[in-house]
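Report on one structure; see the data block that follows.
Read-outs: derived from the displayed coordinates by stated rules, not from any lab. Keep in mind that this is a model prediction, so the values were computed, not measured. When we count neighbours, we look across all protein chains shown, and the Cβ atoms used for this are built from the backbone with ideal geometry, even at glycine.
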Ligand SMILES: [Zn+2]
């Protein structure tokens, strides 16, 4: 059973939340995930700035 990701440093940029987590293999990943209804957009990045940039530039699909 996979362990749930434990995010830290979670911030919100518009409808998108950006959080960092340890991937369990010694690395830190950064996820940007949209919380808007019916928008399943979510991406992982190796770098926090990339995740925050993606969050800022995200536009929900209609
Ligand atoms: Zn969205």
| said: I'd like the orientation of helix 48-57 relative to the chain: the angle between its Cα long axis and the longest Cα principal axis, in ° from 0 to 90, rounded to 10. | reply: 20
| Zone of residue 6's modelled label, taken as backbone nitrogen in the stretch 27-58 under 14 Å from a point 7 Å along Cα→Cβ | none
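Would you please classify the overall shape of the stretch 8-57 from the alpha carbon gyration tensor, given that a ≥ b ≥ c denote the square roots of the eigenvalues, rounded means a/c under 1.5, and beyond that prolate means a/b larger than b/c while oblate covers the rest? Let's see the in-between values first.
Numbers: a/c = 2.10, a/b = 1.75, b/c = 1.20.
Prolate, because a/c is 1.5 or more and a/b exceeds b/c.
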